[in-house]
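Scroll down for the structure; my scribbles are underneath it.
Nothing in this text is a laboratory measurement; each read-out follows from the coordinates by a stated rule. It should be emphasised that the depicted structure is a prediction, and the values quoted were computed from it without experimental measurement. Reconstructed Cβ throughout: ideal geometry from the backbone, glycine too, with neighbour counts over all protein chains shown.
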Amino acid sequence: MIIIGFESSCDETGVALVCTERGLLAHALHSQVAMHQEYGGVVPELASRDHIRRILPLTREVLAAAGMAAGDVDAVAYTAGPGLAGALLVGASVAQSFAWARGLPAIPIHHLEGHLLSPLLASPRPGFPFVALLVSGGHTQIMRVDGVGAYQLLGETLDDAAGEAFDKTAKLLGLGYPGGPALSRLAQQGVATACELPRPMLHSPDLDFSFSGLKTAVMTRVKSLEKAGGRLSAQQRADLAAATEAAIVDVLAAKSIKAMKQTGLKRLVVAGGVGANSHLRARLGQAMAKLNGEVFFPPLDLCTDNGAMIAFAAAMRVNAGLADLSDMRHAFTVKPRWALADVCLSAAAP
Ligand code: ATP
Ligand code: MG
Ligand code: FE
C-alpha cells in the first residue's frame, strides 16, 4: 500500500511517500526557519500562509521523485496534532481533500508518534521493545516502547524542553533562531569547564527533567560577565555555549542510562531535533557500549520535523492493524493539544 503523508504542525512543510512493504520512497521538505528568523521565533500566521504556498509544489515534487502519479496512492496520512492550529489545518485540509477526491482513507497521525518511530527509518533498524528518549523543541520525554501504539511514559520535563533550553540560551548569546545547531557549532570553540553550570535534577530518583533553571543560570552568568567587562568576548560566548551543551547532554545521558537500568532493556532510541546533536550522539554511543547495549538515531535529516516520519508512522499503524481505513468522513479536524496517551492501545496507556 502506498501512503502519502503531510506534516505542517509548525515551521516545516513536509510531504512523503511510504510503501507499507518497502518503506520510504521519497520525501520533500521546506523549512521556514529563514522566514521566522527576523522575528526570533515562529509567527503562527506567517507559518500557515507559507504552508499553503509550499504544500502543493512539494506534493508534485515528491510524486515526481518517486516516479508516481496521484492515482498510485492508496491512503493519505497527515499530522492532526499537536501543533499550531492554523498550520495543522493546512496539512489536514490538503490531506482530506486529496483523500476525498480520490475516494481514499485519511489517517490522522500524532506528531510525537511520528518522531518516536522515526529512528525505525534508519538502518540498522531497532527492534521492539526499546527505551525512547524524545528530545524535540517542545518535548523531553523518556518512554518505554513495546510496539506500535504501546508507549509508556517513564519521565518528562517539568518545565522547558531540551530543545527549548538550547534555543533560549542561544538567544541569550545572540545566536538567532532556532539556536540549537548554532549553539552546538559555537560550543566546539569553547571550553565546557570554563564556567560551571547546574545539572538540574541530575540526581533526582525519577526520570524527570527540568531545564528552566539552566537558562536562568546562563542569564545570571552573562549579566555578571557583562557587569565586569562590558560586552562578552568571543571566547566567553563560546565557553558559555560549551558549558550549556555539556550540562544538557550530561542530564539527558544520565537519565537515559537510569531508564535502561530501570527497565533492563538493551536498546535506546533517540528521536526529535536534539537527536541531531553530535555531542549527545557520541555520549550516548559510549554509554550504551559500556552497558553492552545499542543506541539508534533517526537519519540526520529526519531528526527535526518532516513528512517521512508521518507517512511512516501511518504505514506502521496500517501494518499493525491500528489504522481505521474505513473512515471516509473526511472531516477537517485538528487537535492542537493532544496527549500521546490518546493514540496508545488501552493496555499500554500510561
Ligand atoms: P515538537 O516536536 O516537540 O512539537 P519541534 O517539532 O519544534 O517540537 P523538532 O523539529 O523535533 O521540534 O526539533 C527542533 C529543536 O531541535 C529545536 O529546539 C532545535 O534547536 C533543536 N536542534 C536541532 N538540531 C540541534 C543540534 N544539532 N543540537 C541541539 N539542538 C538541536
Ligand atoms: Mg521546526
Ligand atoms: Fe516536531
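Some points to look at:
- Cβ-to-Cβ counts within 10 Å put LYS266, LYS215 in ascending order as LYS266, LYS215, the fewest first.
- Bridge orientation summary for the chain: considering DSSP beta bridges with both residues in this region, about 60 percent are antiparallel.
- Projecting the alpha carbon convex hull of region 128-297 along each direction and taking the average yields 9.3 nm².
- Only helices enter the 222 nm calculation for the chain: every DSSP H run of n ≥ 4 contributes -39,500 (n - 2.57), and dividing by all residues gives -13500 deg cm²/dmol, rounded to 500.
- Cα-based radius of gyration for the chain, normalised by 2.2 N^0.38 Å, reads 1.01.
- Dipole magnitude of region 128-297, debye to nearest 20 (Cβ charges: Lys/Arg +1, Asp/Glu -1, about Cα centre): 340
- Dipole check for region 1-138: with +1 at the C-beta of Lys and Arg, -1 at the C-beta of Asp and Glu, and the Cα centre as origin, the magnitude is about 180 Debye.
- Qualifying lysines (Cα of each under 25 Å from Cα of LYS227; at least 8 residues distant if same chain): LYS168, LYS171, LYS215
- Each other residue within a Cβ distance under 10 Å of SER212 adds +1 if Lys or Arg and -1 if Asp or Glu, for a net charge of -1.
- Take the Cα of ARG125, step 7 Å toward its Cβ, do the same at ASN292, and the gap between the two points is 2.8 nm.
- In region 128-297, the DSSP beta bridges split such that about 60 percent are antiparallel, to the nearest 5.
- Selection from PRO126, GLY163, ALA238 lying farthest towards where the dipole of the chain points positive, charges on Cβ: ALA238
- For region 1-38 versus region 72-87, the gap between their alpha-carbon centres in whole angstrom: 10
- Residue with peak Gaussian network fluctuation, the chain [Cα springs, cutoff 10 Å], from SER212, SER136, SER224: SER224
- Counted without the sites themselves, the longest stretch of the chain free of GluC sites (Glu not before Pro) in a DSSP loop having at most 16 other beta carbon atoms within 10 Å is 39-195.
- The angle separating the long axis of helix 44-65 from the principal Cα axis of greatest extent in the chain is about 60 degrees.
- Gaussian network model of the chain, Cα within-10 Å springs - most flexible of ALA315, ALA331, ALA85: ALA331
- Magnitude of the charge dipole, the chain, Cβ model with Lys/Arg +1 and Asp/Glu -1, debye to 20: 660
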